[in-house]
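Everything on this sheet refers to the single structure shown next.
The values are calculated or read from the model by the stated rules, or taken from the named source; none is laboratory data. These numbers were taken from a predicted model, which means no experiment stands behind them. Cβ placement follows ideal geometry from the backbone for every residue including glycine, while neighbour counts extend to all protein chains displayed.
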Amino acid sequence: MATKKLSKIEAPIDQRETFVSLQSNMSDTDAVTMEQKLRTLYQIQQADTKIDKIYLLRGELPLEVQDLEDEIEGLKTRISKLQGEIADLEKSNVDNKHKLEESRNEIARYEEQRNNVKNNREYDSISKEIEYQELEQKIAEKRMKENDAAIAEKNEVVAETRKALELRESDLVEKKKELDTIVEETAKDEAALVAEKESLISKIDERMLFAYNKVRENAHNKLAVVTVKRDACGGCFNKIPPQKRIDIAESKKIIVCEYCGRILVNPDFDQE
């Protein structure tokens with residue numbers, strides 16, 4: 001009876017994975033493989049450092065461009081909202097003009113009727129209607145006056161907002177030109193570094209890469225793999241014991257700085 005070939009089951013990546021956990025879990029029996037892994041990881045770090053320098057060259061420009069774009073969008077929204085409010089006020093004025101005209105017509109009609117009344121009761125009733133229409137006239141005129149004042153005020157705000165919008169759009173054009181120039185100058189180098197990094201990533205296992213990215217993300221200088229410099233960690237600059245320096249030079253296992261959690265690698269990697 002044929003037996004089924006068992007497929008290799010890879011352990012899932014622990015989201016808490018760090019170089020310290022890798023140090024205790026990974027076997028160091030294959031020294032050549034471990035040295036190559038460390039060498040590759042350091043090369044990834046070097047590529048990332050060069051990419052970081054490119055981003056540093058761009059400085060705050062990408063964020064400034066984004067902030068300007070957001071501000072411009074906000075100003076456009078504000079202008080659109082004000083224009084909508086002005087349109088509503090103008091419509092209200094048109095309605096009030098119609099009411100004013102209707103009241104005038106009603107007053108003229110009632111006055112004609114009042115001239116032909118036959119008794120005081122009819123006269124008083126028509127006079128009250130005329131007074132009511134006169135009051136409607138005053139209310140309509142008052143609302144139109146208030147609307148005109150509000151329209152004038154909002155038009156001033158729209159004009160000021162348009163000026164601010166023009167300035168921001170001008171600033172955005174300049175910032176984008178500046179950013180585009182820097183991006184164009186560094187695009188070729190960045191693409192080459194990204195391609196180099198991708199090629200290196202394919203040579204190491206996911207657990208090690210995950211731990212590298214996690215330590216790098218939390219490090220203030222984005223360094224997760226460092227060499228020993230003047231008998232100290234190249235990341236936090238704390239002194240390293242002599243025996244540990246020997247282990248680092250042999251590159252047979254993962255050596256982690258007990259102070260900052262970075263991987264420490266052979267200083268010779270720098271010369272290579």
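Among the residues of the stretch 201-234, just one is touching a Lys or Arg at 6+ places or on another chain (Cβ under 6 Å), assigned to a loop (DSSP other than H, G, I, E, B) and of a type in the set (Gly, Ala, Ser), namely Ala224. Would you check if Lys76 is within 17 Å of Leu167 (Cβ to Cβ) and in a helix (DSSP H, G or I)? Yes; evaluated as a whole, the condition is true for this residue.
For every residue, the table says whether it meets (1) surrounded by 15 or more Cβ atoms within 10 Å (Cβ to Cβ); (2) part of a helix (DSSP H, G or I).
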{"residue": "Asn147", "(1), (2)": "yes, yes"}
{"residue": "Glu156", "(1), (2)": "no, yes"}
{"residue": "Glu185", "(1), (2)": "no, yes"}
{"residue": "Cys236", "(1), (2)": "yes, no"}
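Contact map, the stretch 41-69: residues that are outside any helix (DSSP H, G or I) paired with residues that are modelled with pLDDT under 95, Cβ distance under 9 Å, separation 6+ or inter-chain. Pairs shown: Gly59/Ile182.
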